[in-house]
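One structure below.
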Amino acid sequence: MTLKNLPIPRPETADFGFRKVPADQKAKYVLRHFNSIARKYDFMNTLLSFGLHHPWKRKATDALALKPGDRVVDLCGGTADLTIRIARDIGPEGRVYLYDINRAMMEVGRYKISRSSSVGRIRLIQGDAEQMACCSGQFDGAIVGFGIRNLTRMEEGFKEMHRVLKPGGKMVCLEFSRPTFPWFRRLYDIYSFHIMPWVGKLFTGHREAYTYLPESIRKFPLQEELSSRLRDIGFTEVSYRNLTNGIAVIHQGVKAGEKEKRGI
């Protein structure tokens with residue numbers, strides 16, 4: 001085979017909703033997306049979920065089964081909803097680290113943290129979730145809420161969560177999915193693909209941001225597939241729990257090994 005006839009390698013691509021974009025450019029698309037809606041992100045979450053994201057997040061943090069003194073990382077922590085909830089559960093000796101790449105979202109979170117009674121227990125780190133600037137075996141718990149599907153390489157994010165957990169540490173992923181009942185799924189699709197972008201345009205001026213949201217949910221692995229991927233990464237005791245007929249799902253896994261016992 002001559003050099004002229006050698007196949008030309010195609011650049012690696014990644015999903016940005018239903019669009020294919022160069023893998024090395026997806027982070028820029030995601031940053032632009034969240035920069036455009038950061039100030040209204042919490043309001044829109046409450047509006048579009050009819051307030052349901054609050055009990056979903058409470059159930060997700062409860063699933064971590066935290067104890068006073070634990071160290072936790074909130075990956076893709078954004079505006080700090082989960083971070084602040086966790087800080088209340090870990091006591092004055094515990095620490096929770098909000099880890100996110102988007103500064104605009106973190107600034108909203110920083111303001112909320114400053115008004116929280118647990119401000120001294122919280123640290124902020126701006127960085128890439130696929131290459132975390134954290135030591136291995138550092139945390140008792142790791143959580144990601146509605147953020148893992150925004151990564152260019154989702155598996156790398158889960159691998160990093162596994163790496164930074166202590167043996168016996170727990171991972172919780174709260175993420176959107178698709179309703180289990182067919183009739184409800186059809187209604188949800190109409191709402192997601194037609195009403196949600198219109199409401200997003202009305203309140204934020206950014207229809208594209210709320211077109212990307214349902215598209216990225218549709219591209220996300222379903223429950224059994226994600227469970228299989230988590231086991232392949234090395235998590236044990238993998239399970240999931242559907243919330244509100246599967247609109248959201250709590251995925252769980254444990255890093256193999258015996259958890260260090262802390263004296264009381």
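For region 200-259 versus region 37-60, the spacing of their alpha-carbon centroids is 16 Å. Dividing the mean sequence gap of close Cα pairs (under 8 Å, 6+ apart) by how many residues region 143-253 holds gives a relative contact order of 35 percent. Once both labels are positioned 7 Å from their Cα atoms along Cα-to-Cβ, the gap between R32 and S239 label points is 4.3 nm.
Largest first, the three principal axis extents of the alpha carbons in region 58-206 are 46, 32, 27 Å in whole numbers.
Residue separation of I195 and K159 scaled by 0.36 nm, minus their Cα-Cα distance, works out to 9.4 nm of gained length. Computed over protein heavy atoms with a 1.4 Å probe, the accessible surface of region 98-219 works out to 45 Å² per residue. Sorting Y212, Y41 by solvent-accessible area of protein heavy atoms yields Y41, Y212, largest first, with a 1.4 Å probe.
Could you give the longest part of the chain that holds none of the GluC sites (Glu not before Pro) found in DSSP loops with at most 15 neighbouring Cβ atoms within 10 Å? Result for the longest clean stretch: 94-257. Across all C-alpha atoms in region 7-57, the radius of gyration and Dmax reach 15.9, 52 Å.
The portion of the accessible surface of region 148-212 made up by carbon and sulfur, rounded to a whole percent, is 64 (1.4 Å probe; DNA, RNA and ligands excluded). Legend: Rg and Dmax of region 55-134, from Cα coordinates, 11.7, 31 Å.
A crude spin-label estimate for the pair V119 and Q138, with each label 7 Å from Cα along the Cβ direction, gives 2.4 nm.
Over all orientations, region 187-264 has a Cα convex hull whose mean projected area works out to 8.4 square nanometres.
Go through region 144-195 and name the trypsin sites (Lys or Arg not before Pro) that are in a DSSP coil and have 16 or fewer other Cβ atoms within 10 Å of their Cβ. Answer in residue order: R153.
Summed over all non-identical Cα pairs, the Kirkwood treatment of region 118-174 gives a radius of 12.0 Å.
Secondary structure note: in region 1-127, about 30% of the DSSP beta bridges are antiparallel. Of the residues I247, I101, I125, ranked by 1.4 Å probe accessible area with the largest first, the sequence reads I101, I125, I247.
Which pairs break 26 Å Cα to Cα here: K112/K255; K67/K159; K20/K201; K57/K159?
Beyond 26 Å: K112/K255.
Between S49 and E258, the modelled label-to-label distance comes to 3.8 nm, taking each label 7 Å out from Cα in the direction of the beta carbon. For the chain, the Kirkwood estimate of the hydrodynamic radius, built from every pair of different alpha carbons, is 19.2 Å.
The values are calculated or read from the model by the stated rules, or taken from the named source; none is laboratory data. As the structure is a prediction and not an experimental result, all values here were calculated from the model. Glycine also receives a Cβ, built like all others from the backbone with ideal geometry; neighbour counts cover every protein chain displayed. Each accessible area value is taken on the protein alone, full model and side chains, heavy atoms only, with ligands, DNA and RNA left out. Shrake-Rupley method; radii C 1.70, N 1.55, O 1.52, S 1.80 Å.
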